[in-house]
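Since every read-out is calculated from the coordinates, none of them should be taken as a lab result. The model shown is predicted, which means the values in this text are computed figures rather than measured ones. Don't worry about glycine lacking a Cβ; one is built from the backbone with ideal geometry, like all the others, and counts go over all protein chains shown.
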Amino acid sequence: MTNKYLLVGRKLIQRISQSTSVIYLKNNKKTISIATIFAFFIFAGYYLINHTEIMQNILGIGYLNSFLLLIFYGGVLLTNFGIMYATILLCRKKLSIKNSLLLTIYSSLINFFGPLQSGPAVRAVYLKSKIGLRIRDYTYAMLFYYFAFAALNISLLFINTLPWLTIIGIILAIFMTIIGINKFRLQSLKKYVLYIFALTTIQILLMTVIYSIELNAVNHLANYNIMQTIVYTASANLSLFVSLTPGAIGFREAFLVISGSLHNIPLNSIIASGVIDRAIYILFLIILFFVSSGLHLKQVFIRKQQS
């Protein structure tokens, strides 16, 4: 029975990967990503020139808000670490906590600055060479995280307009998770599946707090409520599935504009908070780079001392 579901899943993935739109994206992804970045900066630059008050709001978010954003992005990094660690255990393999943390940091850096969101691929290749975890097994395990991430965010899109649909969506996601545990005979490993689901939920909550700080920092008078911010967060998160650019530049804004009728947040706030978010996140990654470099140098020094 399990093999039957795996076969169906493989056929579905193969059908999607061989579709005209996916093939076009594969063949032209570099051109599309570069064009999207240029289009975004041209549009954002033109918009900022014609709305000078936005720059004043961006520069006036304050040190406290900046510090809080860095702290919460640290929390997001820890959820990524926890999800990856649980995913490795789900595949019946193990990697040390220190190496797992370093891999999370390095893959986060590569995912933003590297070509075309390459972080997950780097993790898969490293785990294969380091602990012998097959790329196929890691991919299947990661698909559950992507399922949980997509299901929760799609459900939360309607929390402000159709809350009953959000409740049904979350219940279905939990129900399908339980079915998946039974169908794929993961009863002995179900705690790792539940860890991934719980950490994904925490990750979305942390992103909601981050976007709430940014939105209210750039528009003090708007006083956006929690429901608006949750929908805004869900829209921004879903853009990661189609982003070809660093930090989903351009794609995130497109998703937020398209879903404007659901969260009712105006374009000026979307642009201003987007600029702040990228600036803070780049600062966060720079800090991560120096921290990880320090940890790596410390490991090298200890090895030399021992030898």
Region 61-300: relative contact order in percent, alpha carbon pairs under 8 Å with at least 6 residues between: 26
- prompt: Scaled to the compact-protein estimate 2.2 N^0.38 Å, what is the alpha-carbon radius of gyration of region 61-300, rounded to two decimal places?
  reply: 1.04
Fewest-first ranking of Val122, Val242, using other Cβ atoms within 10 Å as the exposure measure: Val242, Val122
- prompt: Among residues other than Val125 whose Cβ falls under 14 Å from its Cβ, what is the net charge (Lys/Arg +1, Asp/Glu -1)?
  reply: +4
task: Name all residues of region 187-226 having a backbone nitrogen under 19 Å from the label point set 7 Å from the Cα of Ile179 along its Cα→Cβ direction, giving them as ranges.
output: 187, 190, 193-194, 197
message: Give me the one-decimal nm value for the distance between modelled label points at Ser188 and Thr161, 7 Å along each residue's Cα-to-Cβ direction.
response: 4.7
Summed side-chain charge close to Asp277 - residues other than Asp277 whose Cβ falls under 10 Å, Lys, Arg +1, Asp, Glu -1: +1
